[in-house]
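Notes follow the structure.
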Amino acid sequence: MKPKDTASTLGWQPSCTATRLLFLLTGIANATWAAMVPFAKLRLNLNDAALGSVLLALGCGAMLAMPATGWLMKRYGSGKVLLVSGAAMVISVPLLAIAPDPVMLAAALFLFGALLGMVDVAMNNQAVFVELQAGKPLMSSFHGLFSLGGLLGGVGVAALLKVGLSMTLIATLVGIAFTAATLHQSRHFLPHAQTEPEHAEQQRFRMPHGIVWLLGMLCFFGFLTEGAMLDWGAVFLRFERGMDEAGAGLGYAAFSLAMTGGRLTGDWINHHLGPQKIVFIGGLLAAIGLGVIVTAPWVWLSLCGFVLVGMGASNVVPVLFSASARIPGVPASTAMPLVTMCGYTGILAGPAAIGFLSRATSLPIALGCTGLLMAVVAFNAWIVKPTPVKVA
């Protein structure tokens, strides 16, 4: 797709800044809810089973909203979808902190998940077309800011609680910040005409379903690996390597720092290696890292495996997301919601699947199988195409 003739050489930068800010704030909002979970459990006197049932509402909201987001983007453009869903965060985030009973908390989580799902699809759509206008890799830095937002959100919420702010006030501040930033930056969101490839309407019914579903499957594997590190990394170190409860969290910390660093430098790496090498090398590195985690005889070596997984997996999903908008004959508003939904399925359902496999075999075998899935990602690197170079 050719860049718009009316775009100036640096005309993409305001849109880039606006989209980056939304990625950062989405990471902060996710981290804010993560910090709220133990408070909600205590406040509503939920046992583990009840809490697990309530938490399903978040994923259900996101999964149901994503296909609808594709239809809304085709009709109104991702900028308008992002404006409405981002503005509504001023309501949804505080509701999580004040829900008076489990049913209301589940309803609030469903709304929060639906809005996050819409924001996720729409901001990735904006990111892809900012990247196309810039004519150089940018997607990894967008996702790097999401990861950075998660780290900053976790530390920030802990610090604000330490100085005496209530969780309700913190949630309200996060919701206000998200909405204010969305409204302020909305003038820089790319309009509908700039977020559909040329002749998309004529091409709409020639969708190569196989390629779209393959991209979705690879995103599923990538997100499943992230979910495995989040939900099972500490469990593995605690019960398979004998670390104490405080030290067991070091695995996910090492993974998160490696992933954030990899994504923040990913655009530079993409520029020099290209997307196919990133997916191939990254998938293999993550597979090797998981192999090290489950076979290393020493704890410190297992921790090195977490770093390898974070480095390898960091740029795989951003590159796959970017590729989903450049499938010949398929509008991004058709492919991206499907690919994003597959990714979310991986991070929501994947860890549960690992739990079932672990029960049937063992946790090392289950995590080792996750490594094999990342090897599958590596050997399907041919599916991604280079980012088009912008012609001035």
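The values are calculated or read from the model by the stated rules, or taken from the named source; none is laboratory data. Owing to the predicted nature of the structure, the values given are computational and were not obtained by experimental measurement. Neighbour counts run over all protein chains shown; Cβ positions are idealised from the backbone, glycine included. Areas reflect the complete protein model, heavy atoms only, side chains present, ligands, DNA and RNA absent. Shrake-Rupley method; radii C 1.70, N 1.55, O 1.52, S 1.80 Å.
A few remarks follow.
- From the list A99, A88, the one residue that fits, being closer than 16 Å to V119 by Cβ and either modelled with pLDDT of 90 or more or basic (K, R) (or both), is A88.
- From the options D267, D231, residue that is of a type outside the set (K, R), more than 24 Å from I354 (Cβ to Cβ), in a helix (DSSP H, G or I) and touching a Gly at 6+ places or on another chain (Cβ under 9 Å): D267
- Test result for I176, over 22 Å from Y252 (Cβ atoms), surrounded by 15 or more Cβ atoms within 10 Å (Cβ to Cβ) and not polar (S, T, N, Q): no
- Of all residues making up the stretch 294-329, the number that are assigned to a loop (DSSP other than H, G, I, E, B) and surrounded by fewer than 24 Cβ atoms within 10 Å (Cβ to Cβ): 7
- Among the residues of the stretch 214-232, those identified as of a type in the set (G, A, S) and surrounded by 24 or more Cβ atoms within 10 Å (Cβ to Cβ) are G222, A228.
- G135 meets the conditions (1) open to solvent by 60 Å² or more (accessible area, probe 1.4 Å); (2) over 22 Å from the mean Cα position of the chain (by Cα); (3) at pLDDT below 85 in every case but one. The failed one is (1).
- When the stretch 97-128 is filtered for residues that are crowded, with 24+ Cβ neighbours inside 10 Å and more than 18 Å from the chain's Cα centre (by Cα), the ones remaining, listed by number, are L105, A108.
- For the stretch 363-370, the criterion of a residue being in contact with a helix residue (DSSP H, G or I) (Cβ under 9 Å, 6 or more places away or on another chain), at pLDDT below 85 and open to solvent by 30 Å² or more (accessible area, probe 1.4 Å) is satisfied by no position.
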